[in-house]
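Following: one structure in structure tokens, then a few remarks.
The values are calculated or read from the model by the stated rules, or taken from the named source; none is laboratory data. Keep in mind that this is a model prediction, so the values were computed, not measured. Neighbour counts are summed over all protein chains in view; Cβ atoms, including those assigned to glycine, are modelled from backbone coordinates with ideal geometry.
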Amino acid sequence: MLLSNVKGSAAGIVGGMKLAAALVAAMLTAATAAAQDRKWEVEVYGGGAWTTATEGKRTLPAAGAPIVTSSPIFPSREVPSFLFGDGAKLVNDVNGEFDVAARITPLDAVFAKSAGRSAASFGLRLRRSMNPYVSAEFAADFSASAVDAPDGFEDAIEVTRDSFVSAFGGLLATGPLLPALFASSSSQDAGRLRENTFTGGVNIRLDDWHWGSSYVTLGAGFASTSGTLPSANVGGGYSFRIAGEVPISESNSVTVGFERPSTYVIVLGGGISGEMTNALSFRADARVHVGPDTSRILIDTVSVNTRGTPAGFIESGTNPAIQFSNDPSTGRRSTLSAPALAGFEVFDGGTRTRILLTAGLVLRF
């Protein structure tokens, strides 16, 4: 009887163990099936973005047409402004002829690519598994606000404004042009932009290990910006009387504007994924967005020549020469008399590269 009870207990234990094993196997099978059924992933991430651009192309307006002076030995030409390009060069060359040390520092250095920038970045990625190795992805990336102007933008504007006064002060002091009054002004905004990139692509799993896997990403999309672009305005003027009789009053200003239209980007990258639970994992990701740099810099110019009485003119008698006139009826025009420029493109971008290094949490469902 005792032996019979022992055999019965052993059979019960074995039966219980078999039942437990079956339950564990069923749970594992259900968990695996549940994990396999999770075809979608959503990733929220943050990190940093580093942007660089190639030099692009700078184009300054060509030298203006010749204007009539006293002699071919003393040629002059019309300019739309003395604050950049050929106009600044002409004033500096005339000052060199008079051994005047002061020079205009032209705005030309501002007509350049935006410098490399770094900024915080964040975004969202949505993926759909196509098979165990390939998933389709949509990504929306946003960078924090960052200054977009060229390096030294604000200082360069101020230097040009101040150098205009000193250069013309030295020039006008060489002739019977007293009293001479000067005016200059400037304003600038370095801009605050947010870069927004929307891309689609595929993730291809490369290798697996006990806690995760590696992958590469290929894709394309478009990039746009929001926020404020850089801008600046610089102006300078002078008033004097020739021999105390003939009034001359002229001024010129330049407005600098920036544009950055939307453009396409190519996406190359990769990273690693680590499993945390059946529904949760993490990713460390590195990507490069490459596309055209659509940055453009446009300038507008305004020049004012005030008519005066009595009519008259004066020229520097140098090669090249600078000429001032208060009335074209004298047969002479001021050097500052070229037609105004409107939306003249002085810079067109080349190629823009943006590197994203991010880390994120992934939810599978």
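So here's what we get for this one:
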quantity	calculated
Matching option when the condition is in contact with a strand residue (DSSP E or B) (Cβ under 8 Å, 6 or more places away or on another chain), in a strand (DSSP E or B) and not aromatic (F, W, Y), among A119, A149	A119
In region 189-198, residue surrounded by the most Cβ atoms within 10 Å (Cβ to Cβ) [restricted to those that are farther than 17 Å from D285 by Cα and in contact with a strand residue (DSSP E or B) (Cβ under 6 Å, 6 or more places away or on another chain)]	E195
Matching entry among G85, G56, G46 (being within 26 Å of the chain's Cα centre (by Cα) and without any contact (Cβ under 8 Å) to a residue 40 or more places away in the chain)	G85
Selected residue [of a type in the set (S, T, Y) and free of Cβ contacts under 8 Å to residues at least 40 places away in the same chain] from S71, S114, S163	S71
Answer from G56, G47, G64 - the residue that is farther than 23 Å from N278 by Cα, in contact with a Leu (Cβ under 8 Å, 6 or more places away or on another chain) and at pLDDT 90 or above	G47
Verdict on F222 being of a type in the set (A, V, I, L, M, F, W, C) and either in contact with a helix residue (DSSP H, G or I) (Cβ under 8 Å, 6 or more places away or on another chain) or modelled with pLDDT under 90 (or both)	no
Close pairs (6 angstrom Cβ cut-off, 6 or more residues apart or separate chains): assigned by TED's automatic domain parsing to the domain that holds L83 and closer than 20 Å to N305 by Cβ in region 217-245, in a strand (DSSP E or B) and not small (G, A, S) anywhere	N233/T255; V234/V254; Y238/F182; S239/L181; F240/I248; R241/P247; I242/I314
Residue among S231, S253, S273 that alone is surrounded by 15 or more Cβ atoms within 10 Å (Cβ to Cβ), more than 30 Å from A149 (Cβ to Cβ) and touching a strand residue (DSSP E or B) at 6+ places or on another chain (Cβ under 9 Å)	S273
Test result for G96, free of Cβ contacts under 8 Å to residues at least 24 places away in the same chain and either not polar (S, T, N, Q) or not assigned by TED's automatic domain parsing to the domain that holds F313 (or both)	yes
Checking W209 against (1) free of Cβ contacts under 8 Å to residues at least 12 places away in the same chain; (2) hydrophobic (A, V, I, L, M, F, W, C); (3) within 19 Å of S81 (Cβ to Cβ), the condition it does not meet	(3)
Residues of region 340-359 that turn out to be assigned to a strand (DSSP E or B), among the small types (G, A, S) and buried (at least 21 other Cβ atoms within 10 Å of the Cβ), as a count	0
Enumeration of residues in region 199-223 that are surrounded by 16 or more Cβ atoms within 10 Å (Cβ to Cβ) and either aromatic (F, W, Y) or out of contact with any strand residue (DSSP E or B) (no Cβ under 7 Å at 6 or more places or on another chain) (or both)	Y215
Spans of strands (runs of 3 or more DSSP E) in region 197-278 with at least 3 residues more than 30 Å from F164 (Cβ to Cβ)	212-228, 263-275
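Per-residue answers, yes or no, for (1) closer than 13 Å to I355 by Cβ; (2) without any contact (Cβ under 8 Å) to a residue 40 or more places away in the chain:
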residue: V265; (1), (2): yes, no
residue: T277; (1), (2): no, yes
residue: A284; (1), (2): no, no
residue: T294; (1), (2): no, no
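Matching residues to (1) under 15 Å from the mean Cα position of the chain (by Cα); (2) closer than 30 Å to S337 by Cβ:
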residue	(1), (2)
V216	no, no
G219	no, no
T225	yes, no
G244	no, yes
G270	no, no
P292	yes, no
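Yes/no per residue for (1) under 30 Å from P247 (Cβ atoms); (2) free of Cβ contacts under 8 Å to residues at least 40 places away in the same chain; (3) within 19 Å of the chain's Cα centre (by Cα):
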{"residue": "V110", "(1), (2), (3)": "no, no, yes"}
{"residue": "S135", "(1), (2), (3)": "no, no, no"}
{"residue": "A140", "(1), (2), (3)": "no, no, no"}
{"residue": "D155", "(1), (2), (3)": "no, yes, yes"}
{"residue": "G169", "(1), (2), (3)": "yes, no, no"}
{"residue": "L178", "(1), (2), (3)": "yes, no, no"}
{"residue": "F198", "(1), (2), (3)": "no, no, yes"}
